[in-house]
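Beneath this line is the structure, given in structure tokens, with notes to follow.
The values are calculated or read from the model by the stated rules, or taken from the named source; none is laboratory data. Being a predicted model, the structure only gives us computed values, none of them experimental. Reconstructed Cβ throughout: ideal geometry from the backbone, glycine too, with neighbour counts over all protein chains shown. Ligands, DNA and RNA are excluded from the accessible area calculation, which covers all protein heavy atoms including side chains. Shrake-Rupley method; radii C 1.70, N 1.55, O 1.52, S 1.80 Å.
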Amino acid sequence: MSEKIRMIIEELIQDKIPIQTDLAIVTAVDLDNATCDVKYKFEEKGETFKVRLKVDQDPNTGFMIVPKVGSLVFVSIVNNDPAWAFVSYVSEVSNIFLNGKQFGGLIKIDQLVSRLNDIEDKINDHSHTVVSQKAKAIDSKISKTKKEDLENDIVSHG
């Protein structure tokens, strides 16, 4: 079959070819380029590299769900163009980014409330004994709050 005839046939049936979604396993993740590599589970397609995790490849904008390496994902293709393959669903999440990650992780509210309650209890239980107009020193010190005590680093936002 000549190349011209093949192109004509492809053009005629292009709209009839379904857009595909395939099940795959994540083999690697590239956060800097907002992509991952996958190995197809049921198809004989082998491995695909640089599957998009979001529409654009800027990890500092928009919404991005990052699958765990080894997890199952659905890989969908826009207009049957493999260059536009993207992860449309994930079985396990490694991270979620909302407009990047420059503001750090979300607050673990239960730990924050517990920590603040401990501080409030220390303050409420504190008393001074006044002798000759001098205050008694505090016997115990409150430890400093650390970021990792409060941060949920699975979901980051910016």
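Given the pairs Lys68/Lys101; Lys68/Lys144; Lys45/Lys101; Lys41/Lys68, which span a C-alpha to C-alpha distance of over 25 angstrom in this model? Intermediate results must be reported in sequence, preceding the final value.
Details: Lys68/Lys101 18 Å; Lys68/Lys144 33 Å; Lys45/Lys101 34 Å; Lys41/Lys68 16 Å.
Beyond 25 Å between Cα atoms: Lys68/Lys144; Lys45/Lys101.
At a Förster distance of 35 Å, what's the computed FRET efficiency of Asp81 paired with Thr145, Cβ-Cβ distance as r, to 0.05? It would help to have the intermediate numbers written out before the result.
Values: r = 50 Å, r/R0 = 1.42.
E between Asp81 and Thr145, to the nearest 0.05, is 0.10.
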Review point. If amide H atoms are built 1.01 Å from N in the plane of the peptide, which residues on other chains or at least 5 residues away come under 5 Å of the amide H of Leu106?
Key: Asn152, Val155
Review point. When the chain is fully extended, how far beyond the present Cα-Cα distance does Phe103 get from Lys16, taking 0.36 nm per residue of separation?
Key: 26.7 nm
Revision key, fill the gap. Among [x] 14.3; [y] 9.1; [z] 16.0, the entry matching mean projected area of the Cα convex hull in nm² as calculated here is [x]
Review point. For the chain, what is the mean residue ellipticity at 222 nm derived from helices alone (per DSSP H run of n ≥ 4: -39500 (n - 2.57); sum divided by total residues; nearest 500 deg cm²/dmol)?
Key: -6000 deg cm²/dmol
Point to revise | In Å², nearest 10: area of Thr27 left accessible to a 1.4 Å probe | key: 60
Practice item. Subtract the Cα-Cα distance of Leu112 and Glu3 from 0.36 nm times their separation in residues, and report this length gain in nm to one decimal. Key: 32.6 nm
Exercise for review: For region 25-78, take the alpha-carbon Rg, divide it by the Kirkwood Rh, and send me Rg/Rh.
Suggested key: 0.96
